[in-house]
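Asker: Have a look at this one.
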Amino acid sequence: MSIAVAAESIGLHSLHPVINAAAIIFLFSSANSDLYIASRSVYALSLLNQAPKLLRKVNGKGVPVTALALSAIFAFAAVVDLGITAGKSKLIASNVFVIESHTL
């Protein structure tokens, strides 16, 4: 049971939008920190010659813009893939479980 559903069941109907807004803020905060970490990691790999030199480009504030763009593209692709394959992954997981249970 979610907090929003529990709040509505005890009569706090105005708490539901607040909880939804907080969840959206948490989502954006998490995505922001993940992009920060990913872009800095790709930038560091580029400095160690383990990624293309193109990813070393930074703007005036020191933000690795090409590494950030690459990280954002991969993050977007992962979200799109998650939406497309959500049903397929459940099917694959259930098939793996059935195969494993028969081999034991």
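Asker: Which one of SER101, SER71, SER94 is at pLDDT below 60 and within 29 Å of LEU27 (Cβ to Cβ)?
Answerer: Only one candidate qualifies: SER94.
Asker: Looking only at residues that are touching a residue at least 24 places away in the same chain (Cβ under 8 Å) and in a helix (DSSP H, G or I) in segment 42-64, which one is surrounded by the fewest Cβ atoms within 10 Å (Cβ to Cβ)?
Answerer: Looking at the filtered set, the residue picked out is VAL42.
Asker: Quick one: how many residues across segment 27-49 are more than 16 Å from ALA75 (Cβ to Cβ) and within 24 Å of the chain's Cα centre (by Cα)? Spell out how you get there, then give the answer.
Answerer: Filtering segment 27-49 down to residues more than 16 Å from ALA75 (Cβ to Cβ) leaves 44-49.
Going one step further and asking which of them are within 24 Å of the chain's Cα centre (by Cα), we end up with 44-46.
Residues that pass the stated criteria total 3.
The values are calculated or read from the model by the stated rules, or taken from the named source; none is laboratory data. All of these numbers come straight from a predicted model, not from anything done at the bench. All Cβ positions, glycine included, derive from the backbone under ideal geometry; neighbour counts span all protein chains shown.
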